[in-house]
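The values are calculated or read from the model by the stated rules, or taken from the named source; none is laboratory data. Just so it is clear, the model here is predicted, and its values are computed rather than measured. Here the Cβ positions follow ideal geometry from the backbone for every residue, glycine too, while neighbour counts run over all protein chains shown.
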Amino acid sequence: MPRDPLEIVRSFQEAFALRDAERFASFLHPHVEWSSAENFLYADHSPYRGIEAVMGLIFGRLLDDWDGFSITADEILGGDDLVIASGRFRGTFKANGAFVNAQLVQVFQLEGDRIAKCQVYTDTAQFKEAVSRIHLNRVGEV
């Protein structure tokens, strides 16, 4: 496991991209606290506390609801116990085919070589708009 804080976050996000749940979980502190952006679709249980709760959000709810859901970090900055990643959330909402390409900022707090806290900020309006769109069954029909 990497020790450099920036590499920890990069490796964590790579594990998600590869859908490697075991590796993803290995970067989480046993008492991790994961907070969704206010008014985000998945803020109903925020903050998610503990590895099982975070895994249920990331590898359960998100992947159940979205096709091709990805997190792309364009920039990862910080050091010591604080790392900030900025980039994009992308994916297609399964229920209606609506695509999202939303700005993302994640603020990670580390304890040793594990992620102890994560606060997520994103364009919640774009997500709400996407899930509320009516699926077009035929061209021109709603």
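Annotations
- Identification of helices (runs of 4 or more DSSP H) wholly contained in segment 1-71 with 3 or more residues that are modelled with pLDDT under 95 and either under 14 Å from residue 120 (Cβ atoms) or touching a Phe, Trp or Tyr at 6+ places or on another chain (Cβ under 8 Å) (or both) yields no element.
- Selection from segment 69-81 of residues that are within 13 Å of the chain's Cα centre (by Cα) and surrounded by fewer than 16 Cβ atoms within 10 Å (Cβ to Cβ): 70, 72
- Pairs meeting the criteria (first residue in segment 6-25 and touching a residue at least 24 places away in the same chain (Cβ under 8 Å) and surrounded by fewer than 19 Cβ atoms within 10 Å (Cβ to Cβ), second residue acidic (Asp, Glu) and part of a helix (DSSP H, G or I), beta carbons under 8 Å, at least 6 apart or on different chains) are lacking.
- Within segment 49-65, the residues that satisfy the criterion of being more than 12 Å from the chain's Cα centre (by Cα) and buried (at least 17 other Cβ atoms within 10 Å of the Cβ) are 51, 53.
Conditions tested, residue by residue: (1) part of a strand (DSSP E or B); (2) crowded, with 16+ Cβ neighbours inside 10 Å; (3) free of Cβ contacts under 8 Å to residues at least 12 places away in the same chain.
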| site | (1), (2), (3) |
| --- | --- |
| 83 | yes, yes, no |
| 90 | yes, yes, no |
| 97 | no, no, no |
| 105 | yes, no, no |
| 116 | yes, yes, no |
| 127 | no, yes, no |
